[in-house]
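The values are calculated or read from the model by the stated rules, or taken from the named source; none is laboratory data. Here the structure is a predicted model, which is why all the values come from computation and not from measurement. Because the Cβ atoms are built from the backbone with ideal geometry, glycine has one as well, and the counts that use them run over all protein chains shown. What goes into the accessible areas is simple: the full protein's heavy atoms, side chains included, and nothing from ligands, DNA or RNA. Shrake-Rupley method; radii C 1.70, N 1.55, O 1.52, S 1.80 Å.
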Amino acid sequence: MSISLKNRSLISIYDYTPEEICHILDIAEDFEKNRLQNLLNGRVIASLFFEPSTRTRLSFETAIQLLGGNVIGFSSTAGTSLQKGESLKDTIMMVASYADLIVMRNPVDGSARYASEVSKVPIINAGDGSNQHPTQCLLDLYSIRKTQGTLENLEITMVGDLKYGRTVHSLVQAMCNFNAKFNFVSPVELKMPSTVIQYIKNAGLEYHEYTELEDVIPHSDIIYMTRVQRERFPDPLEYEKVKNSYILCNDMLENSKPNCRVLHPLPRVNEINTDVDPNPKAYYFQQAQNGLFVRQALIAAILGLK
Ligand code: CP
């Protein structure tokens, strides 16, 4: 059966089946071999970033340009009519009349789903608050498959801000399709939300919660570090208490498995010491580069060009 993602928004990683996810990863492999493919032929894609971004916005915009498309949009709300009180609904409806596809990052949980309900063109969620970041999830899956040779039966350790970290929420949901075993390492204040844990329980999979990172390194296939996100804390003092809870240093990887890779959605602050960077197990910069191929694949598939 052929797989088509034409005109399908991507709001949550759960919107796509495991087969559809693997289809995107396969197309991304093709783009990694040949990134210059003039498929968009002047089509217009809107890049609406209501919240700061380096990797997601620039990799989407690079992807569009390498595909021969045009980008419109903004990287902050300054200079837009949102400053005059225009609603998200009106903004999306207007942009949908200019563009073939909208990529949107917004600080409000659920805003991407809402946008998809009012837009006549597909929406790609580039991160909505602390809810979901499905394109990051796709590039994480691509990076895991590329480094491990499979997505099946892996032991995934997630470290840091598991409460507000939208990337880990999406990744847990996706890895539930592939019989993963999960280790969650966080301060008590930043534990994985019960809604995400419920996905693991529903899938009948194993998970363990820890407060010490050293305990889980020797049996992890993937160590997924995350930043404690200052901007999500209602109380700055709460952030100060937990901001440096985990710092991965190179010597801590001494007893890690040969296939172990360290991932991080980036940006990092202090949670991975720079002495890890030269270690061949450090994969976070390649991971970010993989985002380009995955986003090319996603755009081409949603526009029915792959
Ligand atoms: N990983 C990620 O979303 O990075 P940016 O915030 O820089 O886009």
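Given their separation in residues at 0.36 nm each and the Cα-Cα distance between them, Ser97 and Gln148 gain 14.1 nm when the chain is fully extended. Note on Met252: accessible area approximately 40 square angstrom, rounded to 10, probe 1.4 Å, nucleic acids and ligands left out. A Cβ-based charge dipole, computed about the Cα centre of the chain with Lys and Arg at +1 and Asp and Glu at -1, lands at about 920 debye.
Please sort by residue number the chymotrypsin sites (Phe, Trp or Tyr not before Pro) in segment 1-48 whose DSSP state is loop and whose Cβ has at most 10 other Cβ atoms within 10 Å. Working shown, then result.
Numbers: sites: Tyr14, Tyr16, Phe31; in loops: Tyr16.
Here no loop site has a sparse enough neighbourhood.
Counting only DSSP beta bridges whose two residues both lie in the chain, roughly 5 percent are antiparallel.
Compute the FRET efficiency between Val269 and Asp235 as 1/(1 + (r/R0)^6), taking r as their Cβ-Cβ distance and R0 = 22 Å, and round to the nearest 0.05.
Values: r = 19 Å, r/R0 = 0.84.
Once rounded, the FRET efficiency stands at 0.75.
Using the Kyte-Doolittle scale, find the helices of the chain whose mean hydropathy is at least -1.0 and whose Cα atoms extend 20 Å or more along the helix's long axis, counting only whole DSSP H runs. Walk me through the intermediate numbers first.
Details: long enough: 18-33 (23 Å, -0.33); 134-148 (21 Å, -0.37); 284-302 (27 Å, 0.52).
Within the chain the helices that satisfy the rule are 18-33, 134-148, 284-302.
Cross-link partners for Lys306 among the lysines, with Cα-Cα distance under 19 Å and sequence neighbours closer than 8 places in the same chain left out: Lys6, Lys33. Once the Cβ-Cβ distance of Asn244 and Lys281 is raised to the sixth power relative to R0 = 30 Å, the FRET efficiency obtained is 0.85.
Around the Cα centre of segment 65-128, unit charges on the Cβ atoms of Lys, Arg, Asp and Glu (plus for the first two, minus for the last two) sum to a dipole of about 60 debye.
Listed by chain and number, the lysines whose alpha-carbon sits under 17 Å from that of Lys201, ignoring those within fewer than 8 places in the same chain, are Lys181, Lys191.
Comparing Cα centroids, segment 159-198 and segment 87-141 end up 22 angstrom apart. Taking every protein chain into account, the accessible area of segment 153-306 amounts to 41 square angstrom per residue (probe 1.4 Å).
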